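Colleague: Input: one structure, supplied below.
The values are calculated or read from the model by the stated rules, or taken from the named source; none is laboratory data. All of these numbers come straight from a predicted model, not from anything done at the bench. Heads up, the Cβs are rebuilt from the backbone with ideal geometry, glycines too, and the neighbour counts pull from every protein chain shown.
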Amino acid sequence: MQFLAKGKRGTVYIEGKCIIKKASSYQIKNEVDWLKKLNKRKIGPKLVDCGDDWFKAEYIKGERIEEYVQRAEIKEIAKILRDCLKQCRIMDSLKMNKKEMHHPYKHVIIRKNKPRFIDFERCKITENPKNITQFCQYILKLALLFPGKVNVNREEMIKAMKEYKRNQNEKSFRKILKLI
């Protein structure tokens with residue numbers, strides 16, 4: 001086992017093609033429960049095994065989203081952002097709030113031109129999940145950081161976000177997707 005990272009709530013190690021995360025039993029149970037639900041929808045690293053205060057999952061090795069945006073072509077970036085939004089939509093439909101989607105630079109890894117979300121320890125059930133609206137805020141930030149690479153009409157996006165916040169349905173979601 002090789003040390004990979006230490007966060008606020010736990011420590012992550014690498015073992016072969018897997019990570020082992022150690023943290024409090026409450027945080028591990030929460031993340032494992034969410035990984036089980038999300039893995040059924042092809043979101044997150046595949047859960048391999050778990051114990052009281054640890055779990056083992058697939059190691060998602062790749063580029064952080066901002067590194068990817070720096071080097072990728074506009075069409076590839078748009079596809080990645082739409083894929084991220086689709087994963088956020090699934091999480092919203094599960095009434096799950098990930099809490100980090102407004103600034104997910106450590107939580108979205110691009111591997112083989114596909115975005116993979118990681119780190120679900122802070123997820124909570126809520127009646128008004130904010131994954132899409134938070135990720136849209138992040139897209140607006142990317143548009144400022146990488147002009148010409150991330151093209152989005154700021155006013156239209158804000159309008160679409162407000163509509164989605166009022167009505168989290170497929171129609172309002174499609175309006176957001178069309179802006180990317």
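Colleague: Using beta carbons and a limit of 7 Å, which pairs, at least six apart or on different chains, have the first residue in region 33-45 and more than 16 Å from TYR59 (Cα to Cα) and modelled with pLDDT of 95 or more and the second one part of a helix (DSSP H, G or I) and of a type outside the set (D, E, K, R)?
Modeller: Correct list of pairs: ARG41/ILE90.
Colleague: Next question, about the same structure. Take region 132-164 and flag every residue that is farther than 13 Å from GLU66 by Cα and among the basic types (Lys, Arg).
Modeller: ARG154, LYS159, LYS162
Colleague: Would you confirm whether any residue within region 33-49 is outside the structural domain of LEU94 (by TED's automatic domain parsing) and farther than 23 Å from ASP92 by Cα? Steps first, answer last, please.
Modeller: First, the residues of region 33-49 that are outside the structural domain of LEU94 (by TED's automatic domain parsing): 33-49.
Checking the rest, the ones that are also farther than 23 Å from ASP92 by Cα come to 48-49.
Yes - at least one qualifying residue is present in region 33-49.
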